[in-house]
Amino acid sequence: MSDKEHSSASEMRLARWGIVVVLLVFVVMALAYSIVNPLHEATDELRHYRFVRIVARTGRLPIQGQEECRSQSHHPPLFYALGALATSWIDTGNAVCDSPPVNPFWAYRYWEVGQDNKNQYLHGEDESFPWYGEALAVHIVRALNVLIGAGVVWLTWATARVIWPGRVALAFGATAFVAFNPMFLYMSGGINNDVIAAFSGTAIVYACIRLLDEPERPNWRWGVVFGALYGLALLSKFNLSPIIILIAAAAAWTAWKATGADILVAAPESRTPGRWRQFLRLWLLVMLLTLLVAGLIAGWWFIRNQVLYGEPTGFQEVTELWGVRNPFESLGLAISELPYAWTTLWGRFGYGQIPLPQAIYDSLKIVVGAGLLGAFFGFFRSDTRQRAMLLLVAATVLLFFAVLFNYMLVSPAGPNGRFFFPALSASAILVFFGLCWWLLTIRRNIVNRARGTTADDQGSRRATGILALVVTTSMLLLSIWVLIGYLAPAYDKPAALAKGASSPNQVNAHFDSLVTLLGYEISAETVKPGQSLDVELYWQVNAQPPGNYVLFVHLFDEAGTMVAQRDTHPGLGNFPTSLWQPGDRFVDTVRIHLPETAYAPENATLSIGLYDPDGYRLAVKNAAGDANGDSLNLAQVKIDPNEGQFPNALGKDFANDILLLGYDYDRRLLSAGEKLGVTLYWRALRDVDADYVMRIRLIDDDGQERAAYDRRPGSGKMPTDTWLDGQIVKRIHGLPIPADAPAGRYRVDLTVVNAGSGQRVSILAEEGHQVDAHLPLAEIFVVE
């Protein structure tokens, strides 16, 4: 894909106006992401914001371990100083350590796509537009970050234009992968230093590409430029420090070329002593000036760290405060976390609790994989000048993947795609270049076969332009779809119920004088273990609640044990009762999941109520005004067993050795001092070598162990290491109920322990990853 001619005048006009349009659309989209994202819901935003406020209020940098509350004080200060400068005039009315009320249910089934309790905090009207106080300060710093993100987009464009000055479409396509990456838009619309790290890294790559394009020998000016950029990079984020390798490589390449040698064709005469001396003199000039200027700009930061923490990076203090992994023991864990890092590169918002459908991640994996493979083949069809630049771009990708993976080895916070942002531009350039190579290769073969002639350059340029348009449109549509389909709904209030609209199954039950349940609807009258039940609640607010009450939805069976329960702030966390106003009418939909180990067949009662987190429940009165206690029974639900030849059929895989097929109790109502008979049905998945012990525990409402039973199957007469592949084993275990056990509900917990190592055996999901080592079985009830 050589560059034989420069763009025409029309293409130049398209380039100038096209990038302006892309930048404007990026800014609009990033601001939209920012506006729909409530305060401090972005990744680590609260701690980044505290850093900004500390600098704005005190004019000093925070010191790790000496703060009243946690901030990102271990980071270099450039972004936070800019944010403080932009917002120092605002009186937020809040202390630095103030935090919004935490939503205790925000991590509920965090891995699921949806909008159920995705908010970490309970948000109030003080965040509404027009903004003031803290909301204004947050949105100003977010807007600053949007502008920095726009700088990354422009630098991507500029870098691609240097590599392919006559191929405007290549620049457009590469820029689209950055500008409309949903995660980059999201992070640009939040408060963090990952975007300025991307800006600094991309700026250095752009300067390196410009140096490689320099027809003359490198001089002292390049040392000053690189020194300034590297110094600012070090003040942006410490993970940029290895980028000095790229600067050194670009300077070495140019210095060697200045001696008259071609690096890609290393002739013997290029290795003369005089040429080496000239090369070293030019290279050292650039590198020494780079380090000198960078030291003048950022050296004070490392001296400060040395004085405060005893080492120049401050990373040792970070590990003591935030935790650390042993890199010699975490290789397997880091490899297993790479898929998560991939999803967070493209769109997994908050603290990972707002994922996108897996199909999106898989599709992007195919596109990126094809692009990188095509870039590898396309490299060999490029001219010498472009090869040098593509090598540096590829080195950027490899360097920051290594930085990311190294961080995964040493930190629990490592598997986050945002740490790869300094190479986001470089990877986008390679991917689109590779996609173009595939397109033009396929087109060339088709034209050659159809016409018997060589494909013309004009047609190739047109095909590349069409591909750039398709990629840009697709990425833009993806970013819009993610915004309106996944991010915004995660923080939406529940659907309003029109005044006068009727509700199904009318009950008109009053919860104190605050709210009336007009009616309800359930998704099914019969469910099975492992399934879910949707409950729609039609509410009308009568008075302003004095605080935040929690809604509970319980499913009790005839034995008096809890089959399933949900506790949540109304609106799935997004419409807490403190926001309710008299006259509000809305429909709240709550999904309650039955555990796979739920006992069946059974008949269960669905009940709801509201309680104060301090403990008391709101009293319930029926439509006639009669007291109904502190909960309201809504409906009867039948629980049918899953299909299978064993009671309470299951398929729980323990270490790919043994499979729990089902279980049974001899009874579910017992008295203190009696013994619960637990029957377990197993199948060997292979000839078992390990000697396993089945541990059954009795857990009370406070999570305390009240009794335990550890036995090998058959009281040791039939240990698991004698089980053969496919063998089915039925064993009954007796769990004693303590004589002093108070009446109430108790959970039965099953674990399998390797008798040799003493380690609990992990339960595996169908995909093979570890799920847990504990299997909660159905509850029992101890009577008076």
May I ask you to say which residue of N219, N181 is open to solvent by less than 10 Å² (accessible area, probe 1.4 Å) and out of contact with any strand residue (DSSP E or B) (no Cβ under 6 Å at 6 or more places or on another chain)? N181
Evaluation of W301 against (1) open to solvent by 60 Å² or more (accessible area, probe 1.4 Å); (2) hydrophobic (A, V, I, L, M, F, W, C); (3) modelled with pLDDT of 80 or more; (4) closer than 26 Å to S411 by Cβ (one fails), failing number: (1)
Just to be sure, is L634 among the aliphatic types (A, V, I, L, M), part of a strand (DSSP E or B) and at pLDDT below 95? yes
Here are D492, D584, D557: which of them is closer than 28 Å to G744 by Cα and charged (D, E, K, R)? D557
Among (1) touching a residue at least 12 places away in the same chain (Cβ under 8 Å); (2) in a loop (DSSP other than H, G, I, E, B); (3) not acidic (D, E), which single condition is W539 missing? (2)
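Matching residues to (1) farther than 22 Å from D116 by Cα; (2) in a strand (DSSP E or B):
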| position | (1), (2) |
| --- | --- |
| T516 | yes, yes |
| G519 | no, yes |
| G530 | no, no |
| D534 | no, yes |
| Q544 | yes, no |
| G560 | yes, no |
| V563 | no, yes |
Among the candidates E41, E68, which residue alone is open to solvent by 50 Å² or more (accessible area, probe 1.4 Å), more than 21 Å from L234 (Cα to Cα), part of a loop (DSSP other than H, G, I, E, B) and of a type outside the set (G, A, S)? E68
Subset of segment 458-480 (residues that are surrounded by 17 or more Cβ atoms within 10 Å (Cβ to Cβ) and either free of Cβ contacts under 8 Å to residues at least 24 places away in the same chain or hydroxyl-bearing (S, T, Y) (or both)): S460, T464, T472, S479
Name the residue, out of G369, G374, G378, that is under 30 Å from W253 (Cβ atoms), free of Cβ contacts under 8 Å to residues at least 60 places away in the same chain and either open to solvent by 20 Å² or more (accessible area, probe 1.4 Å) or of a type outside the set (K, R) (or both). G369
Is it the case that some residue within segment 685-694 is basic (K, R) and either touching a residue at least 40 places away in the same chain (Cβ under 8 Å) or open to solvent by less than 50 Å² (accessible area, probe 1.4 Å) (or both)? no
When the residues of segment 94-145 are filtered to those that are part of a loop (DSSP other than H, G, I, E, B), surrounded by 17 or more Cβ atoms within 10 Å (Cβ to Cβ) and among the polar types (S, T, N, Q), which remaining residue is modelled with the lowest pLDDT? Q115
Might you let me know whether segment 73-92 holds any residue that is touching a residue at least 24 places away in the same chain (Cβ under 8 Å), touching a Cys at 6+ places or on another chain (Cβ under 8 Å) and of a type in the set (V, I, T)? no
Here the residues within segment 153-168 that are surrounded by fewer than 24 Cβ atoms within 10 Å (Cβ to Cβ) and among the small types (G, A, S) are A158, G166
Taking the condition of being without any contact (Cβ under 8 Å) to a residue 60 or more places away in the chain and not in a helix (DSSP H, G or I), how many residues in segment 481-500 meet it? 1
Does segment 645-673 hold any residues that are open to solvent by less than 60 Å² (accessible area, probe 1.4 Å) and part of a loop (DSSP other than H, G, I, E, B), and which are they? F646, P647, N648, A649, L650, G651, A655, D657, R668, A672, G673
When residues of segment 533-589 are limited to those that are touching a Leu at 6+ places or on another chain (Cβ under 7 Å) and among the hydroxyl-bearing types (S, T, Y), the one nearest to G519 (Cα to Cα): Y538
Condition check for K621: under 20 Å from A524 (Cα atoms) and open to solvent by 50 Å² or more (accessible area, probe 1.4 Å): no
Identify all residues within segment 585-599 that are among the hydrophobic types (A, V, I, L, M, F, W, C) and outside any strand (DSSP E or B); write none if there are none. L594, A598
Of the residues in segment 534-543 that are under 28 Å from P601 (Cβ atoms) and touching a Ser or Thr at 6+ places or on another chain (Cβ under 6 Å), the one that is surrounded by the most Cβ atoms within 10 Å (Cβ to Cβ) is E536
I need a count of the residues in segment 544-576 that are polar (S, T, N, Q) and surrounded by fewer than 20 Cβ atoms within 10 Å (Cβ to Cβ). 3
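The values are calculated or read from the model by the stated rules, or taken from the named source; none is laboratory data. A quick note: this is a predicted structure, and the numbers were derived from the prediction, not measured. So basically every Cβ, Gly included, is an ideal-geometry build from the backbone, and we count neighbours across all protein chains shown. Remember, those area values only see protein heavy atoms, side chains included, never the ligands or the DNA or RNA. Shrake-Rupley method; radii C 1.70, N 1.55, O 1.52, S 1.80 Å.
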